[in-house]
Amino acid sequence: MGTRRKSREFVLQMLFQADMGQQTPDEVRRTFWSEHDSTQKDVRGFAEDLFRTATDRTAEIDSLIERHAEHWRMDRMATVDRNVLRSAVAEFMGFPSTPHAVVINEALEIARKFSSPESVQFINGVLDSVGRELEKTKA
């Protein structure tokens, strides 16, 4: 598994922990990294950057996701799905040099591993729509 994929999986796990445990980002960091203290520096670095973007911009990210997830509120989505979406949208916003297709494909692979087959289609549709909107605003 590549460095960035491992980082993205860690971010999903951290966001899931924050979401389900109602923990602050600092609490998540403290407990998560104590369990993963042997993580390579570059894996941890990208994970931290992505997690920080996702948590610092949660309201903006959630609003964007809800706008593109027709008839779905964030609280109705499966916890894994909403956090895969949050992580990917955070990467769109915080790392604009990463091609959207790469971010989407990585999110889909992670969803295949941690969620259901039906979720993969849902996540793909939402991320494709969000990505198109963000591309328009860059132009």
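The values are calculated or read from the model by the stated rules, or taken from the named source; none is laboratory data. All values derive from a computational prediction rather than experimental measurement. FYI the Cβ positions are ideal-geometry reconstructions off the backbone, even for glycines, and counts take in every protein chain you see. Note: areas computed on protein heavy atoms with side chains; ligands, DNA, RNA excluded. Shrake-Rupley method; radii C 1.70, N 1.55, O 1.52, S 1.80 Å.
Under 19 Å from Q13 (Cβ atoms), more than 13 Å from the chain's Cα centre (by Cα) and among the aliphatic types (A, V, I, L, M): is that true of V120 in this structure?
Details: under 19 Å from Q13 (Cβ atoms): yes; more than 13 Å from the chain's Cα centre (by Cα): yes; among the aliphatic types (A, V, I, L, M): yes.
Judged against the criteria, V120 is a match.
Within the range 21-49, which residues are under 19 Å from A59 (Cβ atoms) and open to solvent by 90 Å² or more (accessible area, probe 1.4 Å)?
Q22, D26, listed by residue number.
Look through V126, V130, V102, V89 and report the one residue that is open to solvent by 20 Å² or more (accessible area, probe 1.4 Å), part of a helix (DSSP H, G or I) and of a type in the set (A, V, I, L, M, F, W, C). Walk me through it before giving the result.
Working: V126 fails: open to solvent by 20 Å² or more (accessible area, probe 1.4 Å); V130 fails: open to solvent by 20 Å² or more (accessible area, probe 1.4 Å); V89 fails: open to solvent by 20 Å² or more (accessible area, probe 1.4 Å).
The match here is V102.
Select from the range 66-78 the residues that are open to solvent by 30 Å² or more (accessible area, probe 1.4 Å) and within 14 Å of the chain's Cα centre (by Cα) and list them in ascending order.
Start the filter on the range 66-78 by keeping residues that are open to solvent by 30 Å² or more (accessible area, probe 1.4 Å), which leaves 66-68, 70-73, 75-76, 78.
A78 - this is the single residue of the range 66-78 that is open to solvent by 30 Å² or more (accessible area, probe 1.4 Å) and within 14 Å of the chain's Cα centre (by Cα).
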